[in-house]
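A.B. asks: Could you have a look at this structure, given as structure tokens, before my questions?
The values are calculated or read from the model by the stated rules, or taken from the named source; none is laboratory data. Remember, predicted model here, so these are calculated numbers, not experimental data. Cβ placement follows ideal geometry from the backbone for every residue including glycine, while neighbour counts extend to all protein chains displayed. Remember, those area values only see protein heavy atoms, side chains included, never the ligands or the DNA or RNA. Shrake-Rupley method; radii C 1.70, N 1.55, O 1.52, S 1.80 Å.
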Amino acid sequence: MKRYVIALDQGTTSSRAILFTRQGEVAASAQIPFAQHYPQPGWVEHDPMDLLDSQLRAAAQCVAQAGVRPGQIAGLGLANQRETALLWEKDTGKPVGNAIVWQCRRTADFCTQLRQQGYTEAIRARTGLRPDAYFSGSKYRWLLNHLPGARQRAERGELLCGTVDSWLLWNLTGGRVHASDYSNCSRTMLFDIHRQQWDETLCQLLDVPRNILPRPVENSGDLGAVAPGVPHLEALAGVPIRGMAGDQQAALFGQTCFEAGDVKNTYGTGCFMLMNTGNAPVFSKNGLVTTIAWGMDGKVTYALEGSIFVAGAAIQWLRDEMRLIDSAADSEYMATKVPDTNGCYVVPAFTGLGAPHWDQYARGTITGITRGVNKYHIIRATLDSLCYQTNDVLKAMKADSGIDLTSLKVDGGASANNYLMQTQSDILNLTVKRPKCVETTAMGAAYLAGLAVGYWKDKEEVVKNWEIDKTFTPDIPDEKREEMISGWDRAVKCSYG
Ligand code: ADP
């Protein structure tokens, strides 16, 4: 009987489920998008029931597609959009309000206040993060302060809070397990990354009662089992849940970046570059954050991270708001209709700027528009913005780690775009390597679970599954590169808030 590991990947715009074989091949997959809510400029919400329902249905479709019978699934791994925060009722499992999505800027003023009050260093030293609306802690505070009765109910022990990993795990286990893995905990601004515990002082500073927080757990190990009666998942009842990680850490694992110095960059809704820094945290002097990559077998691995908030989302904006393209994939063919951007730069700072600029109040900007600029130039400049933002992060990473990379492993939906990857290589002046399986987030979740159940023997076995699809090498003169980058540097400054 053929056996598989199933990965659930609850992303920002869709929920996916993938069935993996031992060779790391995709045996079946399903993807279900869900609604985004923008109640005010700079605010982003998801309905927690949409997240859950789309995820369960995707899992059910995936299993049905492969005709899997009970006993054929060795384990389940979860990956999730990180930092997105929500509250739910302990007794009924009913969400209290919508989830505040990682991109949401509604708590920017509170985080600015934390910085002005001089808490930046204390927060950085304990959590590896900088006070920013991006992280979950201030989102919990907002929910508790603004949803009617929420704070009183939380204090009475009637509510639970969590990031999307906890929400899914709690539901998958029929309300038995309220836990969050180290990688997700380390994105809250409430977690001591050295001791792997919630930090009492920070919980007080952010007004988040300890009793509603999930229990921190390692990323690979016993997280419970799929309970009988979970809607749509009858076929998976009893399957052991053995892996869980935030999507970017899962992708780092899926790219088999197991050694200190290994780096990957994911091009999804946002763009996230992570470097494995081994068993000790490295603190950034250049605008990156320090995060837990994973905890396994009693050991913690850390990472340096550069988070770019808007990457593929800018391509969606071209499609949905500007209506310049019919599909994200069309951007490739449209961008190559012109030889350059005609001096035009798009800075997609729709929700402020993340690493390494960190300006919560920056907003999107287009510079260099002259009479000759047409839609193809704008499309090309939007794609190029992903490459420039990545270049800014990579420079910071080199400075912090002292490591000069020889190549960059890429993945995520937009990494399928060959124009984008070639331009990335040109701008970074670095070889870019795209693996055959770009579903590395799901793959990482599958590996975390599969290693815990012995489906894969060890990491060495997993490394053998990494196969290259295409290599991109730099192909522009240095002067051209410098000219392009200096134009970008000017454009970014125009977007500052
Ligand atoms: P997430 O997991 O964050 O939802 P994905 O990894 O699925 O994201 O990537 C989807 C993103 O990639 C979308 O924002 C989409 O606009 C972008 N995208 C997908 N395909 C392409 C392409 N061929 N060219 C450029 N962007 C693309």
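A.B. asks: Give T269, T301, T290 a once-over and let me know the one that is polar (S, T, N, Q) and within 16 Å of the ligand (Cβ to nearest atom).
C.D. replies: Details: T301 fails: within 16 Å of the ligand (Cβ to nearest atom); T290 fails: within 16 Å of the ligand (Cβ to nearest atom).
After applying the criteria, what remains is T269.
A.B. asks: Further question on the same structure: If a residue must be in contact with a Lys or Arg (Cβ under 6 Å, 6 or more places away or on another chain) and buried (at least 22 other Cβ atoms within 10 Å of the Cβ), how many such residues does the range 60-73 contain? If you could, list the steps in order and put the result at the bottom.
C.D. replies: The initial filter retains those residues of the range 60-73 that are in contact with a Lys or Arg (Cβ under 6 Å, 6 or more places away or on another chain), namely 72.
Of the ones still in play, those that are also buried (at least 22 other Cβ atoms within 10 Å of the Cβ) are none.
Number of matching residues: 0.
A.B. asks: Follow-up. Considering only residues of the range 115-142 that are touching a Leu at 6+ places or on another chain (Cβ under 6 Å) and surrounded by 24 or more Cβ atoms within 10 Å (Cβ to Cβ), which is nearest to N184 (Cα to Cα)? Reasoning before the result, please.
C.D. replies: First, the residues of the range 115-142 that are touching a Leu at 6+ places or on another chain (Cβ under 6 Å): 131, 135, 137, 141.
Okay, now just the ones that are also surrounded by 24 or more Cβ atoms within 10 Å (Cβ to Cβ), so 131, 135, 137.
Working: P131: 16, F135: 10, G137: 12 Å.
Of everything passing the filter in the range 115-142, F135 is nearest to N184 (Cα to Cα).
A.B. asks: Which of the strands (runs of 3 or more DSSP E) contained wholly in the range 180-285 include at least 1 residues that are surrounded by fewer than 19 Cβ atoms within 10 Å (Cβ to Cβ)? First the steps, then the outcome.
C.D. replies: On the way: elements: 215-217, 241-246, 263-267, 271-278.
The strands (runs of 3 or more DSSP E) meeting that bar are 215-217, 271-278.
A.B. asks: For the subset of the range 39-59 comprising residues that are of a type in the set (A, V, I, L, M, F, W, C) and closer than 18 Å to A349 by Cα, which member is most open to solvent (accessible area, probe 1.4 Å)? Quick ask: steps written out before the conclusion?
C.D. replies: The first filter runs over the range 39-59 and keeps only residues of a type in the set (A, V, I, L, M, F, W, C), leaving 43-44, 49, 51-52, 56, 58-59.
Applying the additional criterion that residues be closer than 18 Å to A349 by Cα yields 43-44.
Numbers: W43: 52, V44: 6 Å².
Among those that are of a type in the set (A, V, I, L, M, F, W, C) and closer than 18 Å to A349 by Cα, it is W43.
A.B. asks: I'd like to verify a number: residues in the range 79-93 that are outside any strand (DSSP E or B) and in contact with a Pro (Cβ under 7 Å, 6 or more places away or on another chain), how many?
C.D. replies: In the first step, residues of the range 79-93 are kept if they are outside any strand (DSSP E or B); the result is 81-84, 90-93.
Now restrict to residues that are in contact with a Pro (Cβ under 7 Å, 6 or more places away or on another chain): none.
Residues in the range 79-93 being outside any strand (DSSP E or B) and in contact with a Pro (Cβ under 7 Å, 6 or more places away or on another chain): 0 in total.
A.B. asks: Could you list all residues from the range 395-414 that are out of contact with any Phe, Trp or Tyr (no Cβ under 6 Å at 6 or more places or on another chain) and under 17 Å from G268 (Cα atoms)? Walk me through it before giving the result.
C.D. replies: Within the range 395-414, the subset out of contact with any Phe, Trp or Tyr (no Cβ under 6 Å at 6 or more places or on another chain) is 395-411, 413.
Matches in the range 395-414: L408, K409, V410, D411, G413.
A.B. asks: Any residue in the range 257-272 that's among the basic types (K, R): show its pairings with residues that are more than 16 Å from the ligand (Cβ to nearest atom) at Cβ separation under 6 Å, as long as the two are six or more apart or on different chains.
C.D. replies: K264/C257
A.B. asks: For the range 420-440, enumerate the residues that are in contact with a Lys or Arg (Cβ under 8 Å, 6 or more places away or on another chain) and either hydroxyl-bearing (S, T, Y) or touching a residue at least 60 places away in the same chain (Cβ under 8 Å) (or both).
C.D. replies: Matches in the range 420-440: P435, E439, T440.
A.B. asks: Just for the range 15-26: of the residues that are small (G, A, S) and modelled with pLDDT of 95 or more, which one is farthest from E83 (Cα to Cα)? Talk me through it step by step, then tell me what you get.
C.D. replies: Within the range 15-26, the subset small (G, A, S) is 15, 17, 24.
Checking which are modelled with pLDDT of 95 or more leaves us with 15, 17.
Working: S15: 16, A17: 21 Å.
Here the answer is A17.
A.B. asks: Moving on. Just give me the residues in the range 335-347 being farther than 20 Å from C271 by Cβ and of a type in the set (A, V, I, L, M, F, W, C), in sequence order.
C.D. replies: Residues of the range 335-347 farther than 20 Å from C271 by Cβ: 336-340, 342-344.
Within the range 335-347, V338, C344 meet the criteria.
A.B. asks: Would you confirm, using the coordinates I've provided, whether A416 is more than 23 Å from L76 (Cα to Cα), open to solvent by 20 Å² or more (accessible area, probe 1.4 Å) and within 16 Å of the ligand (Cβ to nearest atom)? Steps first, answer last, please.
C.D. replies: Working: more than 23 Å from L76 (Cα to Cα): yes; open to solvent by 20 Å² or more (accessible area, probe 1.4 Å): yes; within 16 Å of the ligand (Cβ to nearest atom): yes.
For A416, the condition - more than 23 Å from L76 (Cα to Cα), open to solvent by 20 Å² or more (accessible area, probe 1.4 Å) and within 16 Å of the ligand (Cβ to nearest atom) - is met.
A.B. asks: I'm trying to understand the selection: among the residues of the range 461-495, which are touching a residue at least 60 places away in the same chain (Cβ under 8 Å), open to solvent by 50 Å² or more (accessible area, probe 1.4 Å) and more than 23 Å from S415 (Cα to Cα)?
C.D. replies: Listed by number, the residues that qualify are R490, C494.
A.B. asks: Filter the range 143-170 for residues that are in a helix (DSSP H, G or I) and charged (D, E, K, R); which is surrounded by the fewest Cβ atoms within 10 Å (Cβ to Cβ)?
C.D. replies: Going through the range 143-170, the residues in a helix (DSSP H, G or I) turn out to be 143-146, 150-155, 164-170.
Subset that is charged (D, E, K, R): 151, 153, 155, 165.
Working: R151: 17, R153: 18, E155: 13, D165: 29.
The extreme case among them is E155.
A.B. asks: Name the residues in the range 334-388 that are over 15 Å from L324 (Cβ atoms), open to solvent by 50 Å² or more (accessible area, probe 1.4 Å) and within 29 Å of the chain's Cα centre (by Cα), would you?
C.D. replies: F350, H357, Y361, R363, listed by residue number.
A.B. asks: I've got another one for you. Looking at (1) within 14 Å of the ligand (Cβ to nearest atom); (2) within 17 Å of N80 (Cα to Cα), which is the one condition that is false for P348?
C.D. replies: All conditions are met except number (2).
A.B. asks: Looking at (1) open to solvent by 30 Å² or more (accessible area, probe 1.4 Å); (2) at pLDDT 95 or above; (3) under 23 Å from the mean Cα position of the chain (by Cα), which is the only condition D392 fails?
C.D. replies: (1)
A.B. asks: Give me a count of the residues in the range 294-322 that are open to solvent by 60 Å² or more (accessible area, probe 1.4 Å) and small (G, A, S).
C.D. replies: Selection size over the range 294-322: 1.
A.B. asks: Can you say whether L78 is out of contact with any Gly (no Cβ under 8 Å at 6 or more places or on another chain) and either buried (at least 21 other Cβ atoms within 10 Å of the Cβ) or at pLDDT 95 or above (or both), as far as the supplied structure shows?
C.D. replies: Values: out of contact with any Gly (no Cβ under 8 Å at 6 or more places or on another chain): no; either buried (at least 21 other Cβ atoms within 10 Å of the Cβ) or at pLDDT 95 or above (or both): yes.
The answer is no for L78.
A.B. asks: So, D404, is that one in contact with a helix residue (DSSP H, G or I) (Cβ under 9 Å, 6 or more places away or on another chain), away from the ligand (no atom under 16 Å from the Cβ) and of a type outside the set (S, T, N, Q) or not?
C.D. replies: Working: in contact with a helix residue (DSSP H, G or I) (Cβ under 9 Å, 6 or more places away or on another chain): yes; away from the ligand (no atom under 16 Å from the Cβ): yes; of a type outside the set (S, T, N, Q): yes.
So D404 fits the description; yes.
A.B. asks: What are the residues in the range 83-107 that are farther than 25 Å from I292 by Cβ and of a type in the set (G, A, S), if any?
C.D. replies: G93, G97
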